[in-house]
Amino acid sequence: MMMHKIVRFVSGTPQFRINESFDERTPMYLVYSQVNLSEDLTGIRSDGNDNKMIRTWDEVNTLMASDVLFSLISGEASIVREEHEGYLYTQNYVKLVPGEDIDPQYLVYLLNENKAVRKQFARGMQGSQVLKYTVKQVKELEIPAFPSLDRQKIIGDIYFKQLRLAAIKERAIRFEKAITLQKLEEAT
């Protein structure tokens, strides 16, 4: 089944078309970034992420908690968490609105981890100078048959919990290394 038959696509706002304003009364938006995508995948906030801010009266596309977002830069998908609700997303991202028969977390798992899907992405990038995915590529993905909705929910839930656990372990290793290096420096 083709992706465009099970998902509706909403492209991000082209940054170059946004008319910025410097008037303090103008609505201000934080711009969603790759760091935010990573935070949404793992559930762990990164240290010191300074998002770009844009003030504009223009109508722009913003995110809601639980939106499925695909990065055309990294080729990764995630689900937007509450702390990123209201962020403006640019043309580097596309929001995926799944139909009723596909669980959002399972869709993220499928896009990020399924070998057949990853192989299609790799084929589409061969010979490409700029490593950026296209909305057309994502729309034309051939999606393998998916299990029942109950099974999808279980797979998606386990996937996100595993990503969080791996991120926590990685952070613990970094902290342990920093403490060890500090103690070594104090010993010299």
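For the range 74-157, rounded, prolate or oblate, judged on the Cα gyration tensor with a ≥ b ≥ c (square roots of eigenvalues), a/c < 1.5 rounded, else prolate if a/b > b/c?
Oblate shape, in that a/c is at least 1.5 and b/c is the bigger or equal ratio.
Got a sec to turn the phi values of the range 11-26 into Karplus ³J(HN,Hα) couplings, 6.51 cos²θ - 1.76 cosθ + 1.60 with θ = phi - 60°, whole Hz, x for Gly and Pro?
In residue order, the calculated couplings are 6, x, 6, x, 4, 5, 9, 7, 8, 6, 10, 10, 6, 4, 7, 6 Hz.
Give me the number: length gained by fully extending Ala65 to Phe121, i.e. 0.36 nm times residue separation minus the C-alpha to C-alpha distance, one decimal in nm.
Using 0.36 nm per residue and subtracting the Cα-Cα distance, I get 17.5 nm.
Which GluC sites (Glu not before Pro) does the range 107-188 hold that lie in a coil by DSSP with at most 14 other beta carbons within 10 Å?
Glu140
List the residues whose amide H sits under 5 Å from the amide H of Arg55, counting only those 5 or more places along or on another chain, with H placed 1.01 Å from N in the peptide plane.
The list, which skips near neighbours in sequence, is Ser21, Tyr29.
Could you compute the net charge surrounding Ile158? Neighbours are other residues with a C-beta less than 14 Å from the C-beta of Ile158; K and R count +1, D and E count -1.
Net local charge, Ile158 excluded: 0.
Taking DSSP loops as anything outside H, G, I, E and B, show the longest stretch in the chain free of trypsin sites (Lys or Arg not before Pro) there with at most 15 other beta carbons within 10 Å.
Maximal segment without exposed cleavage sites: 53-131.
When the gyration tensor of the range 37-188 is built from Cα positions, what are the square roots of 5 times its three eigenvalues, in whole Å, from largest to smallest?
Square roots of five times the eigenvalues give 30, 22, 18 Å.
Per DSSP H run of at least 4 residues, take -39500 (n - 2.57); add these up for the chain, divide by its residues and hand me the 222 nm value, nearest 500 deg cm²/dmol.
Taken over the chain, the calculation gives -13000 deg cm²/dmol.
Taking chymotrypsin sites (Phe, Trp or Tyr not before Pro) as exposed when DSSP calls them loop (any state but H, G, I, E, B) and at most 13 other Cβ atoms lie within 10 Å, what is the longest stretch of the chain free of them, the sites themselves excluded?
No qualifying site falls inside 58-188, the longest such stretch.
Among Gln120, Tyr106, Met53, whose Cα sits farthest toward the positive end of the charge dipole of the chain (+1 at Cβ of Lys/Arg, -1 at Cβ of Asp/Glu, about the Cα centre)?
So the residue we want is Gln120.
Evaluate the relative contact order of the chain (contact order divided by residue number), counting alpha-carbon pairs under 8 angstrom at least 6 apart; express in whole percent.
26 percent
Work out the length of the dipole vector of the range 3-187 about its Cα centre, built from +1 on the beta-carbon of each Lys and Arg and -1 on the beta-carbon of each Asp and Glu, and round it to the nearest 20 debye.
720 debye
Quick note: the coordinates plus some simple rules give every number you see, no bench work behind them. Computed from a predicted model, the values in this text were never measured in an experiment. We place every Cβ from the backbone using ideal geometry, glycine too, and count neighbours over all the protein chains shown.
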